[in-house]
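The values are calculated or read from the model by the stated rules, or taken from the named source; none is laboratory data. Just so we're clear, the structure is a prediction, and the values are computed from it rather than from any experiment. Positions of Cβ are generated from backbone atoms using ideal geometry, with glycine treated the same way; all protein chains shown enter the neighbour counts. When the accessible area is computed, the model is the full protein with side chains, heavy atoms only, and any ligands, DNA or RNA have been set aside. Shrake-Rupley method; radii C 1.70, N 1.55, O 1.52, S 1.80 Å.
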Amino acid sequence: MIDSRYCDSVRFTPGTKKKQQVVFASALAPYKRPMMFIEAIALLIQKGIKLKNWEFLLVDQGPEEAAIREKIALLKMEEYVQLLEPTEDISPI
C-alpha cells in the first residue's frame, strides 16, 4: 500500500520486478546522510537477514560519492548496492 500523502501513487506503483528496491534519491552530501543508508544495509547483512531478492540504489552524485564507493567495496556489498547517475525522473527505476 502506497500512502498518497507521501508519494505520487499514480506514477509510483508496485512493479513486476523480481527484486524489491530501496532507493536513496538525493544528493550524496553529508547533510543528507547517505552513509547512514549504507551502514543500515551493512547492519542487515551482519544480522544475517537474507537480501537475495533486494537491491539498494543510490541515485545522484555529491561530495560523499567516493567514500560511499569505498565503503561499499570494503564491506563487499556490490551485490546489493548500486550507485546510479542523477536523473530528472526516477519513476523508471
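Out of all the residues in the stretch 53-65, is one or more closer than 18 Å to Tyr31 by Cα, among the aliphatic types (A, V, I, L, M) and assigned to a strand (DSSP E or B)? Quick ask: steps written out before the conclusion?
Of all residues in the stretch 53-65, those closer than 18 Å to Tyr31 by Cα come to 58-65.
From what is left, the residues that are among the aliphatic types (A, V, I, L, M) are 58-59.
Adding the requirement that they be assigned to a strand (DSSP E or B) leaves 58-59.
Looking for residues that are closer than 18 Å to Tyr31 by Cα, among the aliphatic types (A, V, I, L, M) and assigned to a strand (DSSP E or B), one finds at least one in the stretch 53-65, hence yes.
Surrounded by 10 or more Cβ atoms within 10 Å (Cβ to Cβ), more than 12 Å from Met35 (Cβ to Cβ), modelled with pLDDT under 95 and of a type outside the set (Phe, Trp, Tyr): is that true of Pro86 in this structure? I'd like the intermediate steps shown before the answer.
On the way: surrounded by 10 or more Cβ atoms within 10 Å (Cβ to Cβ): yes; more than 12 Å from Met35 (Cβ to Cβ): yes; modelled with pLDDT under 95: yes; of a type outside the set (Phe, Trp, Tyr): yes.
When the stated conditions are applied, Pro86 passes them.
Given the criteria at pLDDT below 95, charged (D, E, K, R) and open to solvent by 50 Å² or more (accessible area, probe 1.4 Å), does Lys32 qualify?
Numbers: at pLDDT below 95: no; charged (D, E, K, R): yes; open to solvent by 50 Å² or more (accessible area, probe 1.4 Å): yes.
For Lys32, the condition - at pLDDT below 95, charged (D, E, K, R) and open to solvent by 50 Å² or more (accessible area, probe 1.4 Å) - is not met.
Among the residues of the stretch 45-70, which ones are open to solvent by 60 Å² or more (accessible area, probe 1.4 Å) and either over 26 Å from Asp89 (Cα atoms) or of a type outside the set (A, V, I, L, M, F, W, C) (or both)?
Kept after step one, since they are open to solvent by 60 Å² or more (accessible area, probe 1.4 Å), are these residues of the stretch 45-70: 45-47, 49-50, 52-54, 61, 63, 66, 69-70.
Selection gives Ile45, Gln46, Lys47, Ile49, Lys50, Lys52, Asn53, Gln61, Pro63, Arg69, Glu70.
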